[in-house]
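Notes to accompany the following structure.
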Amino acid sequence: MSNNPSTFRERNQSNRSLDHSPVTETSLSQQNPEKTIIAAQTSEQEAPNGGYGWVCVACCFWINAHTWGVNSSYGVFLAYYLSNNYYPGATALQFAFVGGLSISQALLVSPLATITTRLYGTSVTLLIGVFLETLALIGASFSREIWQLFLSQGVCFGFGMGFLFVGSVGVVPQWFTSKRSLANGIATAGSGIGGLMYSLATNAMIQSLGIGWAFRILGILAFTVNTVCAVLMKDRNKKIGASQLAFDYILFKRLEFLLTLGWGFFSMLGYIVLLFSLPSYATSIGLSSKQGSLVGALLNLGQGLGRPAVGMVSDYVGRINIAFLSTFLAGLWCLVIWIFAKNFGVLIFFSLLVGTVSGTFWTTIAPVEAEVVGLKELPSALSIVWLFLVLPTTCAEPIALELRQQTGNIFLHAQIFTGLMYIAAALCMWFLRAWKIGEMERLAAVKGKPPAEVSAVAIETVDVTSHAVNQPSSSALRRLFTWKKV
């Protein structure tokens, strides 16, 4: 077996999913290739687990409120467009694509946002997002044709939201260890609280000031808040040695990373349909448009309340465990409650309940991905995830629209589709959980410790040679049904 440094560098890279400790090229070349390489996890030990990190949490909270939260008010704009024929000749399918574009373009621009973060820093990336989002909202206030709406509220707003989101989403995990999921849950709760605020406020502004000034006020508010947050946000990219590669193709060779992609793909197919279709479903069963908008607002309230709780429980029970369970519950409740919700009271109950878990992906993706690929590779991994989600976020609502029936419960097929997509996403996390348990068992064998003494939270990855990879672990079937904090 060759002992040259390049051979070990390749082996170290391919097995990065087992440890994230820094190992020098020289030290590798001096060791027997049949011996395990285990080094201290300096990036975890250096993380403050608080301190200024809580300021970054607050900044992420308000950025999410003024990006994803503002975007959640699209349902209110949509109702106005359709009821007032604001864009003559525009179809419901075209409006569905406008809503999908705002999200998919935010994800599509993620590689560029990652590159700007590497070259110019987090603050510059965020300020680019501030400019584009403000331009989009002000531009939409003067739009009078559907193609102008596509470019402003769809594409340009999505680009701005993407720079703000990608620039901020990887910062919070860098500041925390044991409190990482709680901090991330609080940060992502901003989208739910912002959605609640702006769903109600947008409707009031449209009624009293008109749609033009509603857009302009949203633009002014977003500009002010996001600019302050962009200035205050501080990353730890240099301290942890984050790669900030826009597209690291080597990650595609790792099954565990592909499972997180599947989790995100199926989750978004369910989440987007639920987010945009719930108010329309309310009116389809005889409720008023005002009641429908309230149902949508309560879904956002559920997200605002549920995401910190999901994050806090994740730190105690295990991030992958909670991601699996919450995603499964979202699908189950869509199938057993939403389909049979035929009155206002039950629909309110469902909105609040499913809202607590429907956005689990956004709450846990950064902490879960950090455990799968490590903090150094986290920006690159997230960049690929966002790019991979462009297709489902663009097509989810148009698919739901095409699944609608002409008579009876016109949303039945869309409801079944939503539930099954969440369950498919949960299956991906179930298999990821089994993989993580196997990695922990192999590490325990390498260190000569009982598996119970190896923590998934304390270990993101372990660099090992072929000897460590061949360490025994329980069968995959057994790991699927084994309880362990992961």
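Just so it is clear, none of the values below were taken in a lab; they were calculated from the coordinates. None of these values were measured; they are calculated from a predicted model. Reconstructed Cβ throughout: ideal geometry from the backbone, glycine too, with neighbour counts over all protein chains shown.
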Exercise. If packing is taken as the mean number of other Cβ atoms within 10 Å per residue, what is the order of 206-216, 79-89, 110-120, 324-334, highest first?
Worked result: 324-334, 110-120, 206-216, 79-89
Exercise. Rounded if a/c is under 1.5, else prolate if a/b is larger than b/c, else oblate: which is the range 43-105, with a ≥ b ≥ c the root eigenvalues of its Cα gyration tensor?
Worked result: prolate
For this session: Grab the beta carbon distance between Thr224 and Val55, set R0 = 22 Å, and tell me the FRET efficiency rounded to 0.05.
Result: 0.80
Exercise. Fully extended, how many nm does the chain gain between Tyr86 and Val124 (0.36 nm per residue separation, minus their Cα-Cα distance)?
Worked result: 10.0 nm
Problem set entry | For the range 221-334: Kirkwood Rh in Å [reciprocal of mean 1/r, alpha carbons] | 18.0
Exercise. How large is ³J(HN,Hα) for each residue in the range 54-59, as worked out from phi by the Karplus curve 6.51 cos²θ - 1.76 cosθ + 1.60 (θ = phi - 60°), to whole Hz, x for Gly and Pro?
Worked result: 6, 5, 5, 4, 4, 5
Problem set entry | Alpha carbon centroid spacing (whole Å) that separates the range 314-381 from the range 52-108 | 20
For this session: Determine the distance separating the Cα centre of the range 126-148 from the Cα centre of the range 153-182; give it in Å without decimals.
Result: 20
For this session: Grab the beta carbon distance between Lys239 and Ile339, set R0 = 51 Å, and tell me the FRET efficiency rounded to 0.05.
Result: 0.55
Problem set entry | Convex hull (Cα only) mean projected area of the range 112-182, reported in nm² to one decimal | 5.6
Seminar exercise, completed: Taking R0 as 56 Å and r as the Cβ-Cβ distance between Tyr249 and Ser208, the FRET efficiency 1/(1 + (r/R0)^6), rounded to the nearest 0.05, comes to 0.60
Exercise. At Leu258 and Ala476, where each label point lies 7 Å from the Cα along Cα→Cβ, what is the point-to-point distance in nanometres?
Worked result: 1.1
For this session: Under 1.5 on a/c is rounded, so check that first for the range 88-153, then, if it is not, pick prolate when a/b is larger than b/c and oblate when it is not; a ≥ b ≥ c are the square roots of the alpha carbon gyration tensor eigenvalues.
Result: oblate
Exercise. Based on the mean of other beta carbon atoms within 10 Å per residue, what is the order of 340-348, 170-178, 63-71, 192-200, most packed first?
Worked result: 63-71, 192-200, 170-178, 340-348
